[in-house]
1. Under a plain spin-label model, where a point goes 7 Å from the Cα along Cα-to-Cβ, how far apart in nm are GLU133 and GLN172?
2. Pop the C-beta distance of CYS356 and TRP119 into the FRET formula with R0 = 41 Å and round what comes out to the nearest 0.05.
3. Run the dipole for the chain about the Cα centre, Lys and Arg Cβ at +1, Asp and Glu Cβ at -1, nothing else charged, and hand back the magnitude in debye, nearest 20.
4. Tell me, what is a quarter of the convex hull surface for the C-alpha atoms of the chain, in nm² with one decimal?
5. Mind listing the phi-derived Karplus ³J(HN,Hα) values for the stretch 61-76, rounded to whole Hz, using 6.51, -1.76 and 1.60 with θ = phi - 60°, and x for any glycine or proline?
6. Computed FRET efficiency, Cβ-Cβ of VAL34 and ALA251, R0 30 Å: what is it to the nearest 0.05?
7. Among bridges DSSP assigns within the chain, what percent are antiparallel (round to 5)?
8. Taking only DSSP H segments of four or more residues, each worth -39500 (n - 2.57), what value at 222 nm results for the chain once the sum is divided by all its residues, to the nearest 500 deg cm²/dmol?
Amino acid sequence: MSLLFTPFTLPSPRGGLTLPNRIVIAPMCQYAAVDGHASDWHLMHWGNLLNGGAGLFTVEATGVLPEGRISPGCLGLWDDATEAAMGDTVHRARKLAPAIPVCIQLSHAGRKASSAAPWHGGQQLTKAQGGWEAFGPSALPHLPHEAPPTAMTPDYLVAVREAFAAAARRAQRIGVDAVELHAAHGYLLHQFLSPLANQRTDAYGGSFENRIRLVMEVFAAVRPVFQGPLGVRLSATDWVESGWDVGQSEALSQRLKAAGCDFIHVSSAGVSPLQKIAIGPNYQVPFARQIRATSGMATMAVGLITEAQQAEAILQAGDADLIALARAFLYQPRWGWQAAAALGGTVAAKEAYWRCLPREAQAIFGKVSIGMR
């Protein structure tokens, strides 16, 4: 029996969310929003991936404040207009697909905000280029040639906590099933965790307890207002000496579990150009295994997992509970169908697609084969 195609229940205050299988589509920025508003591109993109056979689909990093976007094209959920656009697009996309749970990743880019899209170089934008003031834990730029961010004041720390909570309320109103807080890839919450970006001398810098303070406060602000599964994406290590590491990630995960966290999505890197990543298939799986073992929390593994048998082996070894894929689904939006065919699983699909496979392969839909007129 394939573990990848067995259901999995994420805990939550309202009784849990059961996923039909253990495939998660990870958040992938599309840089296609207009003033933070979801666009027709998102309708096409989400509808396509919701038909891909995964057990959970995650909407890309979504800014909780306008200045918290990575780029001018990034999604937002900070006011009634962005909520309306997001809600309408999510609702329309879901009507075009099987009933698959939807998660959203809430984010603030911190000092990596005000950047161009990757295909335009991904570099920091000046105000003349349509950029804006960026904020960070300290006035330290991500890259040496960039303008330093504005060090966050106590008032802005409060504003960020409130913005995450407000965005979570909006996510619940539009029917999103789960929320993931983005504390990875060098964005604001990760910046506070890492001593490479955080050189504050107040209660939010220095010691481990101080550096995790903002993450814990944001989580505490969101937990009471969102009733579905609530998780955190972590960069388990900065891949830089004297940076954030897996031991600190384990300790933070234990504290998050005690605070009511339901899952950890384990990635790595992003906070420093000095990172030396030992990249290769399954390169982040050992971090997921360690965090799962010490926290006892539902854990997602991600990173160069591309084959069905590879995903199945990770689950069979007990290294993770869920397998997250991103670029593999961009290249092959029906990755879940291919995995089901390889592992003897079944997936949900709209009826119009049932006849796309040879008759002997149509069992993945759990339906009788359908002919063609």
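1. It is 3.2 nm.
2. Working: r = 31 Å, r/R0 = 0.75.
For R0 = 41 Å, the calculated efficiency reads 0.85.
3. 840
4. Values: hull surface 72.8 nm².
Hull-based average projected area comes out at 18.2 nm².
5. Whole-Hz 3J(HN,Hα) from phi for the stretch 61-76: 3, 10, x, 8, 9, x, 6, x, 6, 5, 9, x, x, 8, 5, x.
6. Details: r = 41 Å, r/R0 = 1.36.
According to the calculation, E is roughly 0.15.
7. Details: 5 of 39 bridges.
Within the chain, antiparallel bridges account for around 15 percent of the total.
8. Working: 11 runs with 114 residues, N = 373.
Calculated at 222 nm, the ellipticity per residue is -9000 deg cm²/dmol.
Computed from the coordinates by the stated procedures, all read-outs in this text should not be read as laboratory data. In this text the structure is predicted, and so the values were computed from the model without any measurement. Counting neighbours? That spans all protein chains shown, and the Cβs are built from the backbone with ideal geometry, glycine included.
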